[in-house]
1. Would you mind telling me the share, in percent, of accessible area of the chain contributed by carbon and sulfur at probe 1.4 angstrom?
2. For the ranges 286-292, 268-274, 31-37, what's the packing order if you count other beta-carbon atoms within 10 Å of each residue, average per peptide, and put the highest first?
3. So what is the accessible area of the chain per residue, in Å², with the probe set to 1.4 Å?
4. Among 296, 167, 17, which one shows the biggest mean-square fluctuation in a GNM of the chain, springs joining Cα atoms closer than 10 Å?
5. Taking N as the number of residues in region 204-345, what is its alpha-carbon radius of gyration divided by 2.2 N^0.38 Å?
6. For region 163-232, rounded, prolate or oblate, judged on the Cα gyration tensor with a ≥ b ≥ c (square roots of eigenvalues), a/c < 1.5 rounded, else prolate if a/b > b/c?
7. Each label point is 7 Å from the Cα along the Cα-to-Cβ direction; what then is the distance between the points at residue 91 and residue 290, in nm?
8. Give me the orientation-averaged projected area of the Cα convex hull of region 2-329, in nm², one decimal.
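The values are calculated or read from the model by the stated rules, or taken from the named source; none is laboratory data. Remember, it's a predicted structure, so these values are computed and weren't measured experimentally. So basically every Cβ, Gly included, is an ideal-geometry build from the backbone, and we count neighbours across all protein chains shown. Surface areas here come from the heavy atoms of the whole protein model, side chains and all, with no ligands, DNA or RNA. Shrake-Rupley method; radii C 1.70, N 1.55, O 1.52, S 1.80 Å.
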Amino acid sequence: MLVTGGAGFIGSHTCVELLDHGYELIVVDDYSNSTPQVLARVERIAGRFVGAVYELDIRDRRALSAVFDRHSVDAVVHFAAHKAVGESTRMPIEYYDTNVGGTTALLRTMHDHGVHQLVFSSSCSIYGDAGHGPLDEATPARPTSPYAASKWVCEQILADVCHRCPEYTVLCLRYFNPAGAHPSGLLGEDPRGAPDNLMPYVAQVAVGRRPRLPVFGDDYPTPDGTAIRDYLHVMDTVEAHRVALDHLADGPGMRVYNLGVGKGSSVLDVVAAFSEACGRPIPYEVAPRRPGDATELVADATAVARAWGWHPTRNLADMCRDAWRFQQLNPSGYAGSARRPNTKD
Ligand code: UD1
């Protein structure tokens, strides 16, 4: 199994889950928003070696092709991408190049090597500001940022490839808001620079790395005025990927599923839950709305439950508890911990 972006937040937790279930992994990552230390942690938790690890940019077809030449790849789980919505509005070409160009480079390489099975990491952001209530997979796509548009373009490319080439099987998983950390406290979310996402920002405030959380807008039409999201524990997210791999061969073509809990939490709900988890109040101040943010994004996740019997089992309190454990044990993230060497050519 090839995992692209395997050192990232969801990728690294997926590696643990797959190693725990007996998979042999080949990981590629360019460490642009992660570090090689992560994979040493993955191996420590799993008690097994990853297999092979290559530092490469997913757009580098020659390097990617060499990995496929060297290893027998049966399927690919593709996480490698840029993922900051705000940054994508300032650097749209970078986002299209890496997220769309990276996906087509991967597809080209898979095609050249006769590999036709892919799990693609998509996003609820493709729904845009779709309004109130749970969103199912038939909700029309209305991406409002280059990040979201890049994911939607990839989905359309993959759908067309599956339509024209019956040998392909693709599962697109549209994540709502993955958060939390591995329960060991060894693995979590450690973005470079100031976190874009809510949960790692709150965790860094709790541990004293940042003075207070900016709450982006308290004038949304929601009960407490702050925006609502569907937070999904990263361990539930990665279990869904493992179940997806069990069902990859169920049939040809492309299938699309939302991954969420189906329950909305406001920014202030997250602040309250995290305060409870860490035993101290999280200082915050209300700031202007963040451009491009939707009022409410909550999943209708019944399709995946019907198809595979998969349900998330963890709640917001579990996410905060685990994110807090990781942040407490790693106040400066992965900095300074042991590295895992790359596989040599
Ligand atoms: C976004 C994408 C999601 C993507 C994820 C990856 C949308 C709608 N969703 O999630 O698909 O996978 O990024 O990065 O584009 N907030 C604060 N203060 C902060 C940070 C965030 O108040 O310092 C608020 C945001 O305004 C938002 C909520 O917290 O209302 C969640 O934000 P965030 O964690 O960044 O996730 P999304 O923007 O929902």
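1. Solvent-exposed carbon and sulfur of the chain make up 51 percent of the total.
2. 268-274, 31-37, 286-292
3. 41
4. Looking only at 296, 167, 17, the biggest GNM fluctuation is shown by 167.
5. Computed over Cα atoms of region 204-345, the ratio equals 1.28.
6. It comes out oblate by the Cα gyration axes.
7. Taking the simple label geometry, residue 91 and residue 290 are separated by 1.6 nm.
8. Working: hull surface 60.7 nm².
Convex hull of Cα atoms, orientation-averaged projection: 15.2 nm².
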